[in-house]
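Everything below concerns the one structure shown next.
The values are calculated or read from the model by the stated rules, or taken from the named source; none is laboratory data. Because the structure is predicted, anything quoted here is derived from the model rather than measured. Ideal geometry is used to build each Cβ from the backbone, glycine not excepted, and the neighbour counts take in all protein chains shown. Note: areas computed on protein heavy atoms with side chains; ligands, DNA, RNA excluded. Shrake-Rupley method; radii C 1.70, N 1.55, O 1.52, S 1.80 Å.
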Amino acid sequence: MTPIRVDERVRSERASGPRLCNRCHPVGASRVRFGLAGLGRIGRLHADNIRRIPSVELVRIVDASETVARAFGEEVGVEWSTAYEDLLDDVAVDAVVVATPTALHVSMIEAAAAAGKHVFCEKPISVDRESSARAVELARSTGIKLQVGFHRRYHPDWRAATERIRSGELGDVYFFRTSLRDMRPPSLEYLRGSGGLFVDVTIHDLDAARWMVGEIDEVTAIGAALSTPAFAETGDADNAIVTLRFAGGALGAIDNSRVAGYGYECSTEVVGSKATVRIAHHRRFNNEWLTPGSVSADWVADFGERFGQAYLLELEDFAAAVSEDRPCSVTGDDALSAFVLAEACERSFREGRPVRLQREQTETGVIYGLAEGASQAA
């Protein structure tokens, strides 16, 4: 990446003090120092959260736009630049938060690994399985931490439900159901580079399904472009339904929409032999207005409102993995598994048939692949 401009402040030395090395962060060491790449919507959300976490310090930001980088850097009082290399060359940076467009993720992870910087990366790692796997393996071989942003695992409601499911309170799991709907779609420019609905949206549901219920044997996906010709022109869908067959025998259903005009929704239900758990709180305030003939309640508008606490907790946990030199809770292997499942949904959507998965257990986790040939029920 060619710099547009590098502020002269990037040359300055930081005040001396207790430092964290890039590969081993002992408990009790100073705060983990983050550099942030990308100041779009999710990048700014991460920047705000980093500044709220006591164990973390934001020391440098990078964005391709000089205007954006300068304005934000001066606003929050941190070093800024338009060149990612400046962030990696900064000895004060222990870990990098990658919140840039997906097309840049792999090269940024690889460069960070070469520089010995730990990485928190937004999903997906890539829209290509081979380059995603390469980035994950490089992170592993160089010894850096790599965590991918599946924030639902950190939301208190989903965490509490999953813990109780694993403790046996639900009994045998029969059915998993989840909805993920956006109020309005992102820009056409974003859509063209997003990898499609299944990689960009459904991937979160697929990760949640694996995490809450277990490994998946088969997916079947149908979708349609209903709201605007733009989706059909890009070969994508704006609404989709995915059915799952879990290895343990349970069934699953996912519904996604980019154009649910009433607001943002992310809800989940798991049905078992002893109990059912539902997660469906989407309100800013716990009050209702009763008027003649109607009842009204407020509703969240986007993922930032729905998962504000989860986004903070995932960065806090990543910082703890760095400082305690322990594995990340959400790994590169988890990201690869979710990506391959999304890829299977895409194939099912294109080919109009169920797609079976194959799995291999390794020392670091489960590796998914697409099974060849026609699908058959388990």
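This table checks each residue for (1) basic (K, R); (2) closer than 22 Å to G304 by Cβ; (3) open to solvent by 10 Å² or more (accessible area, probe 1.4 Å).
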| residue | (1), (2), (3) |
| --- | --- |
| L58 | no, yes, yes |
| I61 | no, yes, no |
| S65 | no, yes, yes |
| A69 | no, yes, no |
| W80 | no, no, no |
| A83 | no, no, no |
| L88 | no, no, yes |
| H105 | no, yes, no |
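Restricting region 337-367 to residues that are of a type in the set (S, T, Y) and modelled with pLDDT under 95, the residue that is surrounded by the fewest Cβ atoms within 10 Å (Cβ to Cβ) is T362. Given the criteria surrounded by fewer than 17 Cβ atoms within 10 Å (Cβ to Cβ), over 20 Å from R44 (Cα atoms), among the polar types (S, T, N, Q) and in contact with a helix residue (DSSP H, G or I) (Cβ under 8 Å, 6 or more places away or on another chain), does S126 qualify? No; evaluated as a whole, the condition is false for this residue.
Exactly one residue among V330, V322, V259, V277 is in contact (Cβ under 8 Å) with a residue 60 or more places away in the chain and under 19 Å from V173 (Cα atoms), and that residue is V277.
Here F318 clears all of (1) touching a strand residue (DSSP E or B) at 6+ places or on another chain (Cβ under 6 Å); (2) over 19 Å from S126 (Cβ atoms); (3) open to solvent by 30 Å² or more (accessible area, probe 1.4 Å) except the condition numbered (3).
In region 334-358, the residues that are free of Cβ contacts under 8 Å to residues at least 60 places away in the same chain and closer than 20 Å to S126 by Cα form no Cβ pair under 8 Å with any partner that is among the hydrophobic types (A, V, I, L, M, F, W, C) and open to solvent by 40 Å² or more (accessible area, probe 1.4 Å), whether six or more places apart or across chains. Taking the condition open to solvent by less than 60 Å² (accessible area, probe 1.4 Å), touching a Leu at 6+ places or on another chain (Cβ under 9 Å) and among the β-branched types (V, I, T), does V330 pass? Answer is no for this residue. Applying the condition of being in a helix (DSSP H, G or I) and touching a residue at least 24 places away in the same chain (Cβ under 8 Å) to region 158-171 and asking which residue is surrounded by the fewest Cβ atoms within 10 Å (Cβ to Cβ) yields R164.
The set of residues in region 90-103 being of a type in the set (G, A, S) and open to solvent by 20 Å² or more (accessible area, probe 1.4 Å) consists of A103 alone. The residues on offer are H105, H118, and the sole one that is farther than 28 Å from P186 by Cβ, in contact with a strand residue (DSSP E or B) (Cβ under 7 Å, 6 or more places away or on another chain) and not aromatic (F, W, Y) is H118. Could you check region 270-294 and list, in sequence order, the residues that are at pLDDT below 95, surrounded by 10 or more Cβ atoms within 10 Å (Cβ to Cβ) and touching a strand residue (DSSP E or B) at 6+ places or on another chain (Cβ under 9 Å)? Those that are at pLDDT below 95, surrounded by 10 or more Cβ atoms within 10 Å (Cβ to Cβ) and touching a strand residue (DSSP E or B) at 6+ places or on another chain (Cβ under 9 Å): A280, H281, H282, E288.
Looking across region 295-306 at every residue that is more than 26 Å from G43 (Cβ to Cβ) and in contact with a strand residue (DSSP E or B) (Cβ under 8 Å, 6 or more places away or on another chain), the one that is most open to solvent (accessible area, probe 1.4 Å) is identified as V295. Taken over region 199-243, residues that are assigned to a loop (DSSP other than H, G, I, E, B) and either β-branched (V, I, T) or open to solvent by less than 40 Å² (accessible area, probe 1.4 Å) (or both) amount to 8. Filtering region 240-274 to residues that are closer than 14 Å to C345 by Cα and either of a type in the set (G, A, S) or under 20 Å from the mean Cα position of the chain (by Cα) (or both) leaves A240, V242, G252, A253, I254, D255, N256.
In a residue-by-residue description of region 140-157, the property of being small (G, A, S), part of a helix (DSSP H, G or I) and either surrounded by fewer than 21 Cβ atoms within 10 Å (Cβ to Cβ) or modelled with pLDDT under 95 (or both) applies to at least one position.
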